[in-house]
1. Answer with one residue from N197, F371, L514: the one whose Cα lies farthest towards the positive end of the charge dipole of the chain, charges on Cβ with Lys, Arg +1 and Asp, Glu -1.
2. Taking all protein chains as present, what is the carbon and sulfur share of the accessible area of region 570-639, in % to the nearest whole number, probe 1.4 Å?
3. Tell me, what % of the accessible area of region 176-334 is carbon and sulfur with a 1.4 angstrom probe?
4. Please give the per residue accessible area of the chain, computed with a probe of 1.4 Å over protein heavy atoms only, in Å².
5. Using alpha carbon coordinates only, what is the Rg to Rh ratio of region 422-537, with Rh defined as the Kirkwood radius?
6. How high is the FRET efficiency between N350 and R308 when r is their beta carbon distance and R₀ equals 41 Å, given to the nearest 0.05?
7. What is the projected area of the convex hull of the Cα atoms of the chain, averaged over all directions, in nm²?
8. Place a label point 7 angstrom from the Cα of I624 along the Cα-to-Cβ direction, then list the residues of region 569-606 whose backbone nitrogen is under 19 Å away.
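The values are calculated or read from the model by the stated rules, or taken from the named source; none is laboratory data. The structure presented is a predicted model; accordingly, all values stated were derived computationally and were not measured. Backbone-built Cβ (ideal geometry, glycine too); neighbour counts: all protein chains shown. To get the accessible areas, we keep the full protein, side chains included, count just its heavy atoms, and leave off ligands, DNA and RNA. Shrake-Rupley method; radii C 1.70, N 1.55, O 1.52, S 1.80 Å.
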Amino acid sequence: MEENKKELFEYIDSNNNDQQVEISKTDFEIVNKDERIHDVKFESKPTTFLKDAFKRFCKNKSSVAGGIILGILILGAIILPEALPSDIDNPHLSEQFLEPKLFPAGTGFWDGTKKYENFQIAYDTKNETPGGFSKEAVIDGSLELKETKINTVNDYAFGGYVNFYSSVSSTSSSVLNSYPTTLNFSNDYQLNIEMGNQTTANSYVLGNYNISFTYLDDDNVQQTLIIREDSKYFSDLSLNLTDFVIDAGLEEKAYSNCSIVFTLDYEEGIATQILIKSCTLTSSNEEEQSTLNEIFFDDANKMVRTTRSTNGKENLGYWNCTGNKGVFDSTLVRCNFVYDTYLAKFGHTNVVIGQTELNTYIQNGWMSYDFSKGPESFVILNEDKCPVTKVISQTLDTRLGVYSVTAEVLKYRQLGYDSMPVYLLGTDRYGKDLLHSIFAGLRTSLLLGIGTAAVCITFGIIWGSISGYFGGNIDIVMERFTDILSGIPWIVVMTLCILHLGNNFGTFVLALCLTGWIGVSSLTRSQFYRFKGREYVLAARTLGANDFRLIFKHILPNSIGTLVTSCVLIIPSVIFNEATISYLNLGLQGLPSLGVTLSENQMYINSYPYLIIWPSVIVALMMISFNLFGNGLRDAFNPSLKGSE
């Protein structure tokens, strides 16, 4: 156009209105008229796909954290089973159920102690350590005692009342009588009976009763002297029995088959009872008193729980009863205390040591001992090594001609330790170090998971690639086969393999691989259907790329991000499956694993919860870490995100 000639330019503005403007050649001006325009050298450093993927992965903080935790667990599974000195191949029953310990005992947290609550303790030893526990191992100041009243027979209770009762269905009077014995009334006898008139919880009423003294006369006929008759008078009774029988006309001589008898009168349609706190008979003859103490009672709970005989021998303390007898208002002492499980297992204890073992200590120069002189000859020569702290007694087996001694020892030294061992996560029922068992099991579980995952991922990707890429009849046939196989529960496949091939490592891998590849195959197939029709795939096919190149160069790399997350989760899934089958007692034999550890310890979830908590924590960390790690890999290996921030 000429330099000043105007041209009309039409356009539509942002409000969708037609606009016109006149422009000429002089309205335009060259900006970079004197400058040369050319390519500029890249200022940033070149990168590769892997470097770019690693950079994207590092920006995902949760994935990095998951990777670090996963790395620590895997490193622990490799190193700890070899580094820890404890033995998990053999049981150590002297070290079973030790609590986890990191801090000194008495700290209150992770200190190897166990708190016992509402523990029953014998009344007559209530200021001492509960039976079966080491006094040395009870943490100072932790023993708390509390008394409660109970209405049932209990081996640890004391006192209360004998609840002698008859039910509504009774048809005659009920009788309670002491063990018959011989009494010589040339001695002085004092009978004391304490009774109660409380209302009990069973709604029985206090009934009429008799107290009598029975004996055999010279003609061997049972005779009865009434002490208290047809009474509802429930006060205590104190009676000089000698004066009573003499006043009744008996001679001052010995009478056999003597008993104190309580008779609860029969009342039709009424449930009745009496309460007897104690019934004692004292004699002026001290030799006779020990027998009377066995027959009569001042501890109602003890009297009621006494059986007729023990090991074929009659018990003098058994009172025969034609009605019913129970306990009311006896005292039970319960205690709370904190117990140092390590001091209980490895501290001072009394044991029997054979002559051979004792000679070993002597030969090592730890102690000196002369069997001909006995315990007084014992001398400690090396206080840091000698297990024996005191020799209590010595015995000789005359048949074998060898000695043995009962001695107080420091148990950890006798077991061969230089110092008291500490187990970070405690020990199980076999005395095995739980930390060692968990990480040895984790190593086995990881090997099982990695081996299974490698096979499942490889076969699943190949199967899914072929099915998804070619489609058509090939896809239909392959998918029907997959549907049939996936319809069989994996636990059935696992059980059949184990029953026929055994509980070994190879069987588990085979059983898990038979159906484990199906999920990878299905995901791969769906990704191939997604990408095989894209423009870049069609362009590559047009340029002559073969099927192998299209699958592994163009389609699979774009699917890898989605596949990685699923594939990574196969490993914890295998660990879970192995744990599940272990609960059916079909776990690995001869190899430690997390599943076997959880299965063996499940029965102790209430008494020793740490045996379940620690393995469960490791499994949970594995699952979470693999999940986070897989999500990071998915984003890192997604080709569509290459170069993005």
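1. L514
2. So the carbon and sulfur contribution to the accessible surface is 65 percent.
3. 41
4. Counting only protein heavy atoms, the per-residue value for the chain is 55 Å².
5. Here Rg/Rh amounts to 1.18.
6. 0.70
7. 64.1
8. 569-573, 575-576
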